[in-house]
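See below for the structure under consideration.
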Amino acid sequence: MQKKGIQLFAKTVISEIQRHATGYTAITTEQQPLNADLVLYATGRKPNTAHLGLESVGIVLDDNGAIPVNNDYQTVIPSVYAIGDVTNRVNLTPVATAEAMVFAHRCYGNGADDIDYDLVPSAVFSQPNVGTVGLTEQQAKITYPDDIDVYRSVFTAMKHSLSGLNEKTLMKMLVRRSTEQVLGVHMVGESAGEIIQGMAVALKAGATKASFDATIGIHPTAAEEFVTMRTPS
């Protein structure tokens, strides 16, 4: 991002945004002015549950305004259900859709299995993309101490050898050493979202490092790096 001319201000908080005739000035808590034509301020989000009258029927919200539910998406009132972002579990549209399907099958069909929230893939569609599924390195080492191998690769995509762009791709795979189970796959680079979607299927199916090693790569692609990483870092 920085190579593309984007300035990054880490650990910086905007305390004020001033509007002028020709643009805006964002003031940081360190009193640093940042001038811009427009400001897109992503402040995060919380469940939009205010003024629904939930408290009046006995449904108590948590500190973030989320609706507590059980594994069947029931609130403390058995006839009232909640799914999606208002429950503040995994705030992604496909997760809400999956929860809706589980709810429908359990209430009106023949039942459905629980959703595995541990293997939900996600992506940040920045340039470059960030894609992730499964445990992070920190989570893996806490869950399986002294039993984790980390495979990591940083490289320049082959096409950039012709384009001249010095943009790197990062790939990481976390493997439980004793069982060879792949616990997490992460990527920063072009099309990371598309690639990690396929990796999510592999992890959901219980793929091992041996499964990746035995898979033939498609050359020349960035994704083939996931099946050619042989030595842990």
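The values are calculated or read from the model by the stated rules, or taken from the named source; none is laboratory data. Owing to the predicted nature of the structure, the values given are computational and were not obtained by experimental measurement. When we count neighbours, we look across all protein chains shown, and the Cβ atoms used for this are built from the backbone with ideal geometry, even at glycine.
For residues that are in contact with a helix residue (DSSP H, G or I) (Cβ under 8 Å, 6 or more places away or on another chain), more than 16 Å from ASP149 (Cα to Cα) and not hydroxyl-bearing (Ser, Thr, Tyr), tally how many sit in region 166-188.
Final tally of qualifying residues: 3.
Within region 138-151, can one find any residue that is over 22 Å from SER191 (Cβ atoms) and touching a Gly at 6+ places or on another chain (Cβ under 9 Å)?
Yes, region 138-151 has at least one match.
When residues of region 151-175 are filtered for being modelled with pLDDT of 95 or more and either touching a Leu at 6+ places or on another chain (Cβ under 6 Å) or more than 15 Å from MET229 (Cα to Cα) (or both), how many remain?
2
Condition first: among the polar types (S, T, N, Q) and within 15 Å of LEU119 (Cβ to Cβ). Now tell me which residues in region 179-207 satisfy that.
GLN181, GLN197
So LYS3 ticks every box in (1) closer than 24 Å to CYS107 by Cβ; (2) loosely packed, with under 11 Cβ neighbours inside 10 Å but one. Which box is left unticked?
Among (1) closer than 24 Å to CYS107 by Cβ; (2) loosely packed, with under 11 Cβ neighbours inside 10 Å, the lone unmet condition for LYS3 is (1).
Among the listed residues ALA202, ALA210, which satisfies the condition of being outside the structural domain of VAL95 (by TED's automatic domain parsing), surrounded by 15 or more Cβ atoms within 10 Å (Cβ to Cβ) and in a helix (DSSP H, G or I)?
Going through ALA202, ALA210 in turn, just one is outside the structural domain of VAL95 (by TED's automatic domain parsing), surrounded by 15 or more Cβ atoms within 10 Å (Cβ to Cβ) and in a helix (DSSP H, G or I): ALA202.
Filter region 19-34 down to residues that are surrounded by 12 or more Cβ atoms within 10 Å (Cβ to Cβ) and part of a strand (DSSP E or B), then give me how many there are.
Matching residues across region 19-34 total 6.
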